[in-house]
Amino acid sequence: MSVSTLLSFDELLTKKAGVVQRDPAQAPTHDLRETLFELEAKGELIVQRVPEPYFEVKTKYGRTKKIPLEHTWHHKSCGQCGHIPGYTGSIFWLHRQFGLDHVDPTDQTSCTGWNYYASGASNAVAQLAVMARNFAAAYETGYYPLIHCGTSYGHYKEAREELIHHRQMRDQVRRVLDKLGKPLVVPEEIVHYSEWVHAMRDRIAARQVVAMDHLTACVHPACHYYKIVAEDAIYDDAVFGGQRTATVTATLGALGITAADYSTWFDCCGFGFRHVLVQRDFTRSFAVQRKIDVMKNEIDPDLVVTHDTGCVTTLDKSQFSGKAHNFNVGVPVLSDAQVAALAMGAHPFRVVQLHWHSTDWRPLMAKLGIDWQARWAEFEADLDDIRSGKKAGLTWAEADQPVVS
Amino acid sequence: MATNAANWNPGKITDKYPGVPYEEKLRLFAEVKADARYEDYLYGCYECGICVSACPSARFYDYSPRVIAQTMAREDVNRMYEILVEDIWNCAQCFSCVRCPRQNSPGGLVTLIREIAVRNGIKETRDVLQGYSRVIYKVMLKGNQVSPDMLQPDFFPDWGPWVRSFQGNMNLWRQAIPVDSLRGVTDAAWKTDDQTLRELYTIWFETGNIDLIAEIDEGLYELLLDVMEEALEDWA
């Protein structure tokens, strides 16, 4: 590139002066699926259809999105499985309670998007290929991908747009997949597990055995759920006037929990991807000063509920250091899936795995009337059995049964 | 006052890196601009500052997503170099900045610039990512960003006594998880098939991703190469 290939002054001003057309009658984005089906008709890729039965929801600009209820391939989250296993466990437990057909695959990698957002040590085609390999693996099983991680969900939605809009990238990805002997498959909808919880919320509420209508919660909506490819997130006019994503808040409402408003709801949690691992001064400062301290001072909630890996970790683990600086901290942080599981009587340790959370959850258990000491004693007996070799590990046979009925 | 060539860029600063030739900065700028996603991320900047008001990093660092969009829109090559060397590592990649009424994505521009910084082995980038190498090792070999055995008290002292308690119980607690793919796994987030990992390694080779690692950490690159090549040879 030479200096002469930079834009001229007039070209720069013209670009700067471009006007955004705002027409309330027109969605500012198109339905990506139309292009997907066109590409499929040309033989460029395979579109995996949402299996029946599915639930229909409204997205930000009114498009109807299909949420599969079963026959799902669970694209797990590395942060959830690695550091918050009760998050993953609760999602699976809910599926098992309703007898919904699903797969917990071992032919899955993470999206690797956390690393890409943290370091830039990857490239667009590699990221697309990782996504496409996972989607092909799901397609080969006949099950539909259900994405557990908010970042994977946002990253895949963005990657899907790149794949559709840039032929060269598509060709590069297809060449990589050819080496792997896999087809290029793109799901009709990219679906986040919290959208499944949202779709199931009335069925979950119908089987609720732990009353929660005396609880107040603050919802932290996950950035990569509703800010990346914003038009694909669920909205409902009945939830905050349709001005915020309905996911999580509507679920809490169905369970009787009051979701209270607070002034910094739009702020991120402070995760920062690289920051949370190697530069946490930023992460904990933001999490405590802009989120937890604000929630505590404005609402003093019984719990914070969110729907992504990084948000649970950041908001939970950052509170310890906040104490040293006399910030107003001390509120448990759970995912919507964990709250739903608790509502249906899930074991707080075998299933929800509260012992992986560092902020004190005992007051919340007491308020819910859950005898956590008795449940912990049961879990300790499990640990003793594993320690002594009496059993190899905990299984679903021991965890499936609700402990509150 | 009408905008003209003399007053249109009042924020233009003194070149902070005069030792780096302009041609080199221009080459890096061109790499960013050549990315297929560039046109999707930058439409022009009103300089309204809505992105700054939403940005978490702007509250705690001398960082502004508006400056990112402004600089790229004005094609200010010297300032872009400063961004590439310094500013990009402050961004939290939350994409709160996509509230932009012009539909810019300053966070997306940061992603592109980071990738160029890595690809070119910029010294400051190598320095920033030095402590992060163990994470790259994990994600490239295991296909998971994090694993239970990374939760070491020395790395997470600010998470309090919970980390030490966890470390003492890790193996036992991992056995006490009912999810089949998680139970007992401590060096990855879940059990992954060998074939799946070989496919992942193939992706790293075929897309040039592995070569990027050589630019930021040669030792790590050699280590990854050894393990991946051996796994792929076994497959062959």
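The values are calculated or read from the model by the stated rules, or taken from the named source; none is laboratory data. Just so you know, these numbers come straight off a predicted model, no measurement behind them. No Cβ is skipped: glycine too gets one built from the backbone with ideal geometry, and neighbour counts run over all protein chains shown.
If you go through segment B:77-96 one residue at a time, how many are surrounded by fewer than 22 Cβ atoms within 10 Å (Cβ to Cβ) and outside any helix (DSSP H, G or I)?
1
Grab the helices (runs of 4 or more DSSP H) fully contained in segment A:266-369, keeping just those with 1 or more residues being among the aliphatic types (A, V, I, L, M) and touching a residue at least 12 places away in the same chain (Cβ under 8 Å).
Answer list for segment A:266-369: A:275-278, A:293-298, A:309-317, A:336-343, A:362-368.
For segment A:175-195, give me the residue count where each residue is assigned to a helix (DSSP H, G or I) and without any contact (Cβ under 8 Å) to a residue 60 or more places away in the chain.
Number of matching residues: 6.
Can you go through A:Ala222, A:Ala230, A:Ala259 and tell me which one is modelled with pLDDT under 95, under 22 Å from the mean Cα position of the chain (by Cα) and over 20 Å from A:Val50 (Cβ atoms)?
A:Ala230
Criterion first (facing chain A (nearest Cβ under 9 Å) and in contact with a Pro (Cβ under 9 Å, 6 or more places away or on another chain)) does B:Val163 satisfy it?
When the stated conditions are applied, B:Val163 passes them.
Among the residues of segment A:104-125, which ones are farther than 16 Å from B:Thr192 by Cβ, in a loop (DSSP other than H, G, I, E, B) and either more than 7 Å from chain B (Cβ to nearest Cβ) or within 16 Å of the chain's Cα centre (by Cα) (or both)?
Correct list: empty.
Kindly indicate whether A:Gln279 is surrounded by 24 or more Cβ atoms within 10 Å (Cβ to Cβ) and within 11 Å of chain B (Cβ to nearest Cβ).
For A:Gln279, the condition - surrounded by 24 or more Cβ atoms within 10 Å (Cβ to Cβ) and within 11 Å of chain B (Cβ to nearest Cβ) - is not met.
Among the residues of segment B:111-125, count how many are in a helix (DSSP H, G or I) and surrounded by fewer than 16 Cβ atoms within 10 Å (Cβ to Cβ).
Number of matching residues: 2.
When A:Ser358 is evaluated against the numbered criteria (1) under 29 Å from A:Gln401 (Cα atoms); (2) away from chain B (no Cβ under 11 Å); (3) of a type in the set (S, T, N, Q), which criterion, by number, is the only one it fails?
Only one criterion in (1) under 29 Å from A:Gln401 (Cα atoms); (2) away from chain B (no Cβ under 11 Å); (3) of a type in the set (S, T, N, Q) is unmet by A:Ser358, namely (2).
A:His148 versus (1) in contact with a helix residue (DSSP H, G or I) (Cβ under 6 Å, 6 or more places away or on another chain); (2) within 9 Å of chain B (Cβ to nearest Cβ): which is the lone unmet condition?
The single condition A:His148 does not satisfy is (2).
Starting from residues that are assigned to a helix (DSSP H, G or I) and closer than 30 Å to A:Pro348 by Cα, keep the ones in segment B:168-212 and report whichever is farthest from the other protein chains (Cβ to nearest Cβ).
Within segment B:168-212, the first condition is being assigned to a helix (DSSP H, G or I), and the residues that meet it are B:168-175, B:194-206, B:209-212.
Now narrow it down to the ones that are closer than 30 Å to A:Pro348 by Cα: B:168-175.
On the way: B:Gly168: 12, B:Asn169: 8, B:Met170: 11, B:Asn171: 9, B:Leu172: 6, B:Trp173: 7, B:Arg174: 8, B:Gln175: 4 Å.
Taking the candidates together, the pick is B:Gly168.
Please determine whether any residue of segment B:130-150 is facing chain A (nearest Cβ under 9 Å), surrounded by fewer than 21 Cβ atoms within 10 Å (Cβ to Cβ) and of a type in the set (A, V, I, L, M, F, W, C).
yes
Scanning for something away from chain B (no Cβ under 14 Å), closer than 21 Å to A:Gly150 by Cβ, surrounded by 22 or more Cβ atoms within 10 Å (Cβ to Cβ) and of a type in the set (Phe, Trp, Tyr), does segment A:255-265 turn up at least one residue?
Checked segment A:255-265: no residue is away from chain B (no Cβ under 14 Å), closer than 21 Å to A:Gly150 by Cβ, surrounded by 22 or more Cβ atoms within 10 Å (Cβ to Cβ) and of a type in the set (Phe, Trp, Tyr).
So, in segment B:97-110, of the ones that are surrounded by fewer than 24 Cβ atoms within 10 Å (Cβ to Cβ) and part of a helix (DSSP H, G or I), which residue ends up nearest to the other protein chains (Cβ to nearest Cβ)?
My answer is B:Val98.
Tally the residues that are within 9 Å of another protein chain (Cβ to nearest Cβ), free of Cβ contacts under 8 Å to residues at least 24 places away in the same chain, crowded, with 16+ Cβ neighbours inside 10 Å and assigned to a helix (DSSP H, G or I), restricting the search to segment A:376-402.
Residues flagged as within 9 Å of another protein chain (Cβ to nearest Cβ), free of Cβ contacts under 8 Å to residues at least 24 places away in the same chain, crowded, with 16+ Cβ neighbours inside 10 Å and assigned to a helix (DSSP H, G or I) within segment A:376-402 amount to 2.
Let's see how each residue does on (1) crowded, with 24+ Cβ neighbours inside 10 Å; (2) in contact with a helix residue (DSSP H, G or I) (Cβ under 8 Å, 6 or more places away or on another chain); (3) among the polar types (S, T, N, Q):
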| site | (1), (2), (3) |
| --- | --- |
| A:Val103 | no, yes, no |
| A:Gly113 | yes, yes, no |
| A:Ala118 | yes, yes, no |
| A:Ala124 | no, yes, no |
| A:Leu128 | yes, yes, no |
| A:Glu140 | no, no, no |
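Quick one: count up the residues across segment B:20-32 that are in contact (Cβ under 8 Å) with a residue 40 or more places away in the chain and either under 14 Å from B:Ala69 (Cα atoms) or touching a Ser or Thr at 6+ places or on another chain (Cβ under 8 Å) (or both).
Adding up the residues that qualify gives 3.
Just checking, which of B:Cys45, B:Cys51 is crowded, with 20+ Cβ neighbours inside 10 Å, in contact (Cβ under 8 Å) with a residue 12 or more places away in the chain, part of a loop (DSSP other than H, G, I, E, B) and out of contact with any strand residue (DSSP E or B) (no Cβ under 6 Å at 6 or more places or on another chain)?
B:Cys45
Check off (1) part of a loop (DSSP other than H, G, I, E, B); (2) at negative phi; (3) of a type in the set (Asp, Glu) for B:Asp40 and give me the number that stays unchecked.
Condition (1) is where B:Asp40 drops out.
Here is a list of conditions, (1) surrounded by 24 or more Cβ atoms within 10 Å (Cβ to Cβ); (2) in contact with a strand residue (DSSP E or B) (Cβ under 8 Å, 6 or more places away or on another chain), and A:Pro348 meets all of them except one; can you say which number that is?
Of (1) surrounded by 24 or more Cβ atoms within 10 Å (Cβ to Cβ); (2) in contact with a strand residue (DSSP E or B) (Cβ under 8 Å, 6 or more places away or on another chain), only one is false for A:Pro348: (2).
In this structure, is A:Thr109 at negative phi, of a type in the set (S, T, N, Q) and touching a residue at least 60 places away in the same chain (Cβ under 8 Å)?
On the way: at negative phi: yes; of a type in the set (S, T, N, Q): yes; touching a residue at least 60 places away in the same chain (Cβ under 8 Å): no.
Here the answer is no, as A:Thr109 does not meet what is asked.
From (1) over 30 Å from A:Leu315 (Cα atoms); (2) crowded, with 24+ Cβ neighbours inside 10 Å, pick out the condition that doesn't hold for A:Cys78.
(1)
Being in contact with a Lys or Arg (Cβ under 8 Å, 6 or more places away or on another chain) and more than 30 Å from A:Thr283 (Cα to Cα) is the filter here, so list the residues in segment B:23-57 that pass it.
Hits for segment B:23-57 are B:Glu31, B:Tyr43, B:Gly44.
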